[in-house]
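The values are calculated or read from the model by the stated rules, or taken from the named source; none is laboratory data. From a predicted model like this one, the values you see are computed outputs, not experimental measurements. When we count neighbours, we look across all protein chains shown, and the Cβ atoms used for this are built from the backbone with ideal geometry, even at glycine.
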Amino acid sequence: MKRDLLDSLMQAQRRGTTCAMLRDLKTGGQGLYINGEFTGDFASGPNLKPLVLKAISEDVSGRLPEPYQDIFVQVFNPPVRLIVVGAVHIAQALAPMAAMAGYGVTVIDPRRAFATDQRFPGVTLLNEWPDDGLEALKPDRRTAVVTLTHDPKLDDAALSVALKSQCFYIGCLGSRKTHQARLNRLTRMGFGEADLARIHGPVGLPIGALTPAEIAVSTLAQITQVRRAKPAAPQSAAA
Amino acid sequence: MTEALASAATEDILREAAAWRDAGRGVALATVVTTWGSSPRPVGSQLAVDQGGRMIGSVSGGCIEGAVVKEAQDVIADGRPRLLDFGVTNEQAWEVGLACGGKVQVYVERVE
């Protein structure tokens, strides 16, 4: 790998800019696609842009389809994000676990006593009301949102924004009873069945989690499942 | 094609590779470019290797890293990239193969 390409790639990663590294596995050719431009060996070749854009939008690395199967595209998207609402004890476990799993984590809590650097070393904190905070972060389809405050004022504010976004996962801490009450409130706020069906509540996979760290494991496991697990193979259509 | 890895991990690998190079050491970068069947690491996974065999990252669950590190020494020496095949159908399976039965293709290139 040429050093200038490696440096440009690392710079893009630091800035959170999407880019793609291209290599010709037969000739050793190499180049970078960044900010709409090709640099390196693919700058004057065939128009690969639509194929590279497709790989980027699908977040998949791999060989290009024929006749370009010798060209390997490696997609470097910014990390998938996890937005945690509520700088509570479970968040203290979930934030570092999610970071280790590769997520860019932000914790939102307007209560300054909770959202402190001392309680969340190295984690991005936002001392904002959850709806303002979420609006500012613009959740997209590469974002997961988890509410942990247990306080309807804060959780519902976050959900009112999350449910209008394309985020791929929404999870809410709370018992079945609490969750039913939450769904009733959201219905009164005008959300429909399809909206409410997006919410995972009680949050996490049912593994009997008890402690904050265990609940964090169960939550991160569920986010992983939603993001990665392939739907069950369809049954044979033959009658 | 598999989903791209979160860049948090690849970022560390590339940074380390650049740091080794800056320290004057020969460095090669190995990347999983194709997989078939069940393979332990998805396409795009990377392993950086230096001339002393130091490594960061992975291209498998540990089954083929030894062989990749060995090939990487040749790549560092002559600068010629290599495309390596590993899998149970490969003749190398007796030596280094994937216990899981998958196949994987790894591209090894020198960091200039």
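Return yes when A:Asp156 is farther than 19 Å from A:Val226 by Cβ, in the same structural domain as A:Leu210 (by TED's automatic domain parsing) and modelled with pLDDT under 95 and no when it is not. No; evaluated as a whole, the condition is false for this residue. For segment A:172-199, a tally of residues being over 26 Å from A:Ala93 (Cα atoms) and within 25 Å of the chain's Cα centre (by Cα) returns 9. Of all residues being over 21 Å from A:Ile71 (Cβ atoms) and of a type in the set (S, T, N, Q) in segment A:1-24, which is surrounded by the most Cβ atoms within 10 Å (Cβ to Cβ)? Just the residue, please. Out of the qualifying residues, it is A:Gln13. Restricting attention to segment A:200-225, the residues being part of a helix (DSSP H, G or I) and farther than 12 Å from A:Ala93 by Cβ number 5. Give me the residue from segment A:93-114 that is more than 18 Å from A:Leu173 (Cα to Cα) and in contact with a strand residue (DSSP E or B) (Cβ under 6 Å, 6 or more places away or on another chain) and, out of that set, surrounded by the most Cβ atoms within 10 Å (Cβ to Cβ). The residue in question is A:Tyr103.
A residue that is out of contact with any Cys (no Cβ under 6 Å at 6 or more places or on another chain), more than 13 Å from chain B (Cβ to nearest Cβ), of a type in the set (Lys, Arg) and surrounded by fewer than 23 Cβ atoms within 10 Å (Cβ to Cβ) cannot be found anywhere in segment A:25-43. Restricting attention to segment A:153-181, the residues that are free of Cβ contacts under 8 Å to residues at least 60 places away in the same chain, farther than 22 Å from A:Ala194 by Cβ and in a helix (DSSP H, G or I) total 2.
Filtering segment B:25-80 to residues that are surrounded by fewer than 19 Cβ atoms within 10 Å (Cβ to Cβ), within 14 Å of chain A (Cβ to nearest Cβ) and part of a loop (DSSP other than H, G, I, E, B) leaves B:Arg25, B:Gly26, B:Ser38, B:Pro42, B:Gly79, B:Arg80.
Residues in segment A:44-71 that are in contact with a strand residue (DSSP E or B) (Cβ under 6 Å, 6 or more places away or on another chain) and more than 13 Å from every other protein chain (Cβ to nearest Cβ): 0 in all. Checking the stated criteria, A:Leu134 turns out to be closer than 24 Å to A:Arg15 by Cα and at pLDDT 95 or above. A:Val84 falls short of the stated requirement of being aliphatic (A, V, I, L, M), within 11 Å of chain B (Cβ to nearest Cβ), more than 30 Å from B:Glu112 (Cβ to Cβ) and crowded, with 19+ Cβ neighbours inside 10 Å.
If I filter segment A:100-112 for residues that are among the aliphatic types (A, V, I, L, M), at pLDDT below 95 and in a helix (DSSP H, G or I), do I get at least one hit? Yes, segment A:100-112 contains at least one residue that is among the aliphatic types (A, V, I, L, M), at pLDDT below 95 and in a helix (DSSP H, G or I). Among the residues making up segment A:1-15, those that are touching a residue at least 40 places away in the same chain (Cβ under 8 Å) and facing chain B (nearest Cβ under 9 Å) are A:Leu9, A:Gln13.
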